[in-house]
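First up is the structure itself, then whatever we jot down about it.
The values are calculated or read from the model by the stated rules, or taken from the named source; none is laboratory data. Computed from a prediction, not measured in an experiment: that's the story for all the values here. No Cβ is skipped: glycine too gets one built from the backbone with ideal geometry, and neighbour counts run over all protein chains shown.
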């Protein structure tokens, strides 16, 4: 089939209305051939989704400075006015209504020439936009003379109207358009071009706030983890030293995948290789923002569990004493231990009062004297216990 070389339009290419399905099928086939086999067929990314499209530039012979860049997509494409199209790592904005002529969708696009930095939910978004020195909204094309060539105190901006910009872009916002120039939004039009916000901005002496991210790993700079065990990294993200909540998406990396594994939530699992490596945490929206921690995988220690009851050996008549049960593993206090307290011995239950204060604490009151009792604290995890001999005495 001979590929069409001239401009694809709704009426000229397929002779307007389609009288029957055969003509429509032929129109679709012609478009697919143009898309897949011609030099105008390109792979692009539309709002993050890769598609094969036809790209064409139209030049008006009567006005060489006017041009129009067209994009033609499959009918099932989700392209719309305000979509961002990435072509060869350059962003283009869909500025016209998207026309559906039953064989394909077509619209006009303009290459973006600036970005708006918008902070939403702790994430700094860079939104491609088009800056112009005058607004001619009835045209889908662009004149070279429309772009800023001389300093202007008032400029206009086309920016996609999406879930990021819809509520965040408003009057009196200030945006940095160059390292030395800031502009304040004086008007926002959401009606004239559905899908696009049209902003009128004026030069401002006030600068847009700089957003500086920092990442802090709360586990410290170095952490030890026993082989075949896991450790959760605790990470905070700050903007201009203020905590961001909830924590924005993070990327976790390790310099040695054979020694440890780390998941998307920062949970480290150590293998049986005794060595050291580094874990790097990056901000997903800006991977240049990062922090790191060194991880030492150490040999697994054998458990050596010991117990102790801390408290007085004597309780005087009419007085109370508090007792604390403690559990140790290799001499290190186990913070989440739980105990069951009881009194043993031949003394009647009426001579003392036992009150359980918490999982590790109890209080005993001496109601009568002279008796010996045994306080037992049993570990709820394994049934092991520790005991303490206590004497109920007279004060004098």
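For the structure I just gave you, tell me whether residue 382 is surrounded by fewer than 18 Cβ atoms within 10 Å (Cβ to Cβ), assigned to a strand (DSSP E or B) and at negative phi. Write out each step before concluding.
Details: surrounded by fewer than 18 Cβ atoms within 10 Å (Cβ to Cβ): yes; assigned to a strand (DSSP E or B): no; at negative phi: yes.
In short, no.
For the range 264-298, give me each residue that is surrounded by fewer than 14 Cβ atoms within 10 Å (Cβ to Cβ) and within 25 Å of residue 124 (Cβ to Cβ).
Answer for the range 264-298, where residues must be surrounded by fewer than 14 Cβ atoms within 10 Å (Cβ to Cβ) and within 25 Å of residue 124 (Cβ to Cβ): 264, 265, 284, 287, 288.
Matching residues to (1) buried (at least 17 other Cβ atoms within 10 Å of the Cβ); (2) within 30 Å of residue 230 (Cβ to Cβ); (3) within 57 Å of the chain's Cα centre (by Cα):
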{"site": "300", "(1), (2), (3)": "no, yes, yes"}
{"site": "332", "(1), (2), (3)": "no, yes, yes"}
{"site": "337", "(1), (2), (3)": "yes, yes, yes"}
{"site": "348", "(1), (2), (3)": "no, no, no"}
{"site": "371", "(1), (2), (3)": "yes, no, no"}
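Can you find a residue that is modelled with pLDDT of 85 or more, surrounded by 14 or more Cβ atoms within 10 Å (Cβ to Cβ) and in a strand (DSSP E or B) anywhere in the range 137-156?
Taking every residue of the range 137-156 in turn, at least one turns out to be modelled with pLDDT of 85 or more, surrounded by 14 or more Cβ atoms within 10 Å (Cβ to Cβ) and in a strand (DSSP E or B).
State all residues of the range 227-243 that are touching a strand residue (DSSP E or B) at 6+ places or on another chain (Cβ under 9 Å) and either outside any loop (DSSP other than H, G, I, E, B) or free of Cβ contacts under 8 Å to residues at least 24 places away in the same chain (or both); if no residue qualifies, say none.
Matches in the range 227-243: 230, 231, 232, 235, 236, 237, 238, 239, 243.
Criterion first (part of a loop (DSSP other than H, G, I, E, B), under 23 Å from residue 93 (Cα atoms), modelled with pLDDT of 90 or more and out of contact with any helix residue (DSSP H, G or I) (no Cβ under 7 Å at 6 or more places or on another chain)) does residue 187 satisfy it? Reasoning before the result, please.
Values: part of a loop (DSSP other than H, G, I, E, B): no; under 23 Å from residue 93 (Cα atoms): yes; modelled with pLDDT of 90 or more: yes; out of contact with any helix residue (DSSP H, G or I) (no Cβ under 7 Å at 6 or more places or on another chain): yes.
No.
Inside the range 197-212, can you point out the residues that are surrounded by 15 or more Cβ atoms within 10 Å (Cβ to Cβ) and under 27 Å from the mean Cα position of the chain (by Cα)?
So in the range 197-212, the residues surrounded by 15 or more Cβ atoms within 10 Å (Cβ to Cβ) come out as 197-201, 204, 208.
Of everything in the range 197-212, those that are surrounded by 15 or more Cβ atoms within 10 Å (Cβ to Cβ) and under 27 Å from the mean Cα position of the chain (by Cα) turn out to be 197, 208.
Scan the range 60-80 and report the pairs whose first residue is under 19 Å from residue 31 (Cα atoms) and in the same structural domain as residue 94 (by TED's automatic domain parsing) and whose second residue is at pLDDT below 50 and assigned to a loop (DSSP other than H, G, I, E, B), with Cβ atoms within less than 8 Å and a gap of 6+ or a chain change.
70/7; 70/8; 72/8
Determine which single condition residue 215 fails, assuming it passes every other condition in (1) surrounded by 15 or more Cβ atoms within 10 Å (Cβ to Cβ); (2) out of contact with any helix residue (DSSP H, G or I) (no Cβ under 9 Å at 6 or more places or on another chain); (3) closer than 21 Å to residue 128 by Cβ.
So residue 215 meets the others, but not (3).
Can residue 351 be described as in contact with a strand residue (DSSP E or B) (Cβ under 7 Å, 6 or more places away or on another chain) and over 19 Å from residue 371 (Cβ atoms)? Spell out how you get there, then give the answer.
On the way: in contact with a strand residue (DSSP E or B) (Cβ under 7 Å, 6 or more places away or on another chain): yes; over 19 Å from residue 371 (Cβ atoms): no.
It is false that residue 351 is in contact with a strand residue (DSSP E or B) (Cβ under 7 Å, 6 or more places away or on another chain) and over 19 Å from residue 371 (Cβ atoms).
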